[in-house]
Structures are given as structure tokens and as C-alpha cells.
1. Looking at (1) hydroxyl-bearing (Ser, Thr, Tyr); (2) over 24 Å from Trp195 (Cβ atoms); (3) within 18 Å of the chain's Cα centre (by Cα), which is the only condition Ser32 fails?
2. Please verify whether Val212 is in contact (Cβ under 8 Å) with a residue 60 or more places away in the chain and among the β-branched types (Val, Ile, Thr), treating the condition exactly as stated.
3. Starting from residues that are more than 14 Å from the chain's Cα centre (by Cα) and acidic (Asp, Glu), keep the ones in the stretch 168-188 and report whichever is farthest from Leu36 (Cα to Cα).
4. Taking the stretch 167-188 as the region of interest, how many residues are under 18 Å from His72 (Cα atoms) and of a type outside the set (A, V, I, L, M)?
5. I'm told Thr48 meets every condition in (1) at pLDDT 95 or above; (2) within 30 Å of Leu143 (Cα to Cα) except one. Can you identify the failing condition by its number?
6. Would you check if Leu34 is in a strand (DSSP E or B), modelled with pLDDT of 95 or more and surrounded by 14 or more Cβ atoms within 10 Å (Cβ to Cβ)?
7. Any chance you could count how many residues in the stretch 12-61 are in contact with a strand residue (DSSP E or B) (Cβ under 6 Å, 6 or more places away or on another chain), over 21 Å from Arg235 (Cα atoms) and of a type in the set (A, V, I, L, M)?
Amino acid sequence: MPLPRLQRTDELSNSFGTVLSYGPAGSGKTRSILGLKEAGFAPLVLVTELGETGGLLSIKKAGISFVKIESHEMLIDVIRELKKKKGKVEYEQTEFGAIALDSITHWGEMPLEHFMTLKGWTDLHGVNHKGEGKDPRTAYGYLAEKGRQLYKQLFELSSHLYIIAREGLFGGGDEALFAAPELPGQKLPRELPGWPDATVRLRVIAGKHCMVTKGEGGSPARVRLPEDVPPLPLRCNPDIGALIKLMCGDMSARAALLQTAEAELPKKS
């Protein structure tokens, strides 16, 4: 195998943005996908949410393309199909500029269900069919490994990437409670926010939808920007398309993110 070539940081360019958002019900998680279309990225949504509509009714009129995902294996197969042509992502002869996963929270249930099927379990507690005690840590370890596999596949796509998660509460005991992307187990909720270029928390504060770009009270959030781009304020307009453009060096996108003036919002809630 040949050695990798020597590179310099000042030669780096950011062609694609990777964003993770999380928030509670009603914070505008699914509607935030509209920002990808408004930015001209032609998004494809990989839908893991339950129900006939997959939770997409709030963006029904936008005519955004989506694929309904029913298992972890199906999701990996779809991603592999998207990766077939070098330098672009295509599905059914249609090219897309951004891939959205809605949501990684519901995806997390798929590997757990598969693990229980392999084990012959109907739940994660009690005893198995042999009368032996179940150890749910083995299931969550399996989930963490599948999560890393999924992230590796997603990050290799030649497109912008937007991952949505439900918000959950973690900590307790000696540790203060904090909000984070909701997934089963202890590893993925702590690892997940560190992988994309941006992790943002969607909130509704004083009746306004906003996007939190920096950590608050232990809840993770941060945006990696080129060093010549001024940092964003704590709370911004939840425009994911503009955020990706700014991360890729388009300074004109900054104005769209600053439409929600921080002075109009309470500093704490």
C-alpha cells in the first residue's frame, strides 16, 4: 500500500458541510430540512421515523425527495448505492447535493431490535430462554459499533450531510442533568456530537425558533469555522443551509444566520 502524500493545512478546502442538530418535540427539527432546499442543495431525506408519512407532513408542500428506511441493513445498502459514482451522490438516476438522516434517534432502535432477534430476546432485561441473566451492556456495545459503522459510511458521501436527533436528558446521580442527542446507551450520546463539523441544538425561546451554536449547561454544541470567519453568536436563526454555506467559506450566508437578534431573546431559560 503506498504511503499517503504530505499535505499542508493552508491547502485545505471544505467542499461539504456536516451538521448534527438535536432538539425536543416542536423545536423545528424536520422543518429545518427546508433550509437545505432553500440553499439550492437538492436534499434527499433518509427517513427512519415511524408511521406512513415518516413525520414529514410539516415539509409536505416542499416536494423534497425521501427514502423510507426500515432496517439498519437497508440504510447501509442505500448509502452504498449513493456512493457508487465517484464525486457525486445519485439515487434512481437523480443527483442530490445534500443527504439528511431523520432521525438517528429512531435509527438507534433498529440495531437494538436486530441484536435482540439474534439473541432470541424479547427485551433487554430479565433472563434469556436458558434462564441466564441478560446483560444490556452487550446490546449497547453492539449499537455503538453499528453507530460508528453508519457514521463512517455517511461521512464518505460526496455531499453535504445533515443528521437529526431527538433531544434526551442524560446524567443524574453525582452528575448534573444535561440535554444531548438521544440514543440508547452511554457511549453514542457522548461521542455523536464530536464527529460532525457542527453540532447545534434547536430550541424555542420566548416563542422564537433558534439554533444554539455553543454549549450551554453541559449540553453540547459547537461550530467549526475557517479561522478567518468570525464566530457565531450563541443563538442564531435555524437556517441549516446557510450554516453549511458559511462553514464552506461563503461569508454572504452569515447574514441569514443573524436574523434572530440575540438581544430579542432572553439570555437564559
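1. Looking at each condition in turn, Ser32 falls short on (2).
2. Values: in contact (Cβ under 8 Å) with a residue 60 or more places away in the chain: no; among the β-branched types (Val, Ile, Thr): yes.
So Val212 does not fit the description; no.
3. Out of the qualifying residues, it is Asp174.
4. From the stretch 167-188, those under 18 Å from His72 (Cα atoms) are 182-185, 188; that's our starting set.
Applying the additional criterion that residues be of a type outside the set (A, V, I, L, M) yields 182, 184-185.
Number satisfying all stated conditions: 3.
5. So Thr48 meets the others, but not (1).
6. On the way: in a strand (DSSP E or B): no; modelled with pLDDT of 95 or more: yes; surrounded by 14 or more Cβ atoms within 10 Å (Cβ to Cβ): yes.
Taking the combined requirement at face value, the residue does not satisfy it.
7. Looking only at that region, the number is 5.
Yes/no per residue for (1) touching a Leu at 6+ places or on another chain (Cβ under 6 Å); (2) surrounded by 15 or more Cβ atoms within 10 Å (Cβ to Cβ):
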site: Gly171; (1), (2): yes, no
site: Glu175; (1), (2): no, no
site: Phe178; (1), (2): no, yes
site: Lys187; (1), (2): no, yes
site: Gly194; (1), (2): no, no
site: Thr199; (1), (2): yes, yes
site: Ile205; (1), (2): yes, yes
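The values are calculated or read from the model by the stated rules, or taken from the named source; none is laboratory data. As the structure is a prediction and not an experimental result, all values here were calculated from the model. Methodologically, a virtual Cβ is constructed for each residue, glycine included, from the backbone with ideal geometry; neighbour enumeration extends over all protein chains shown.
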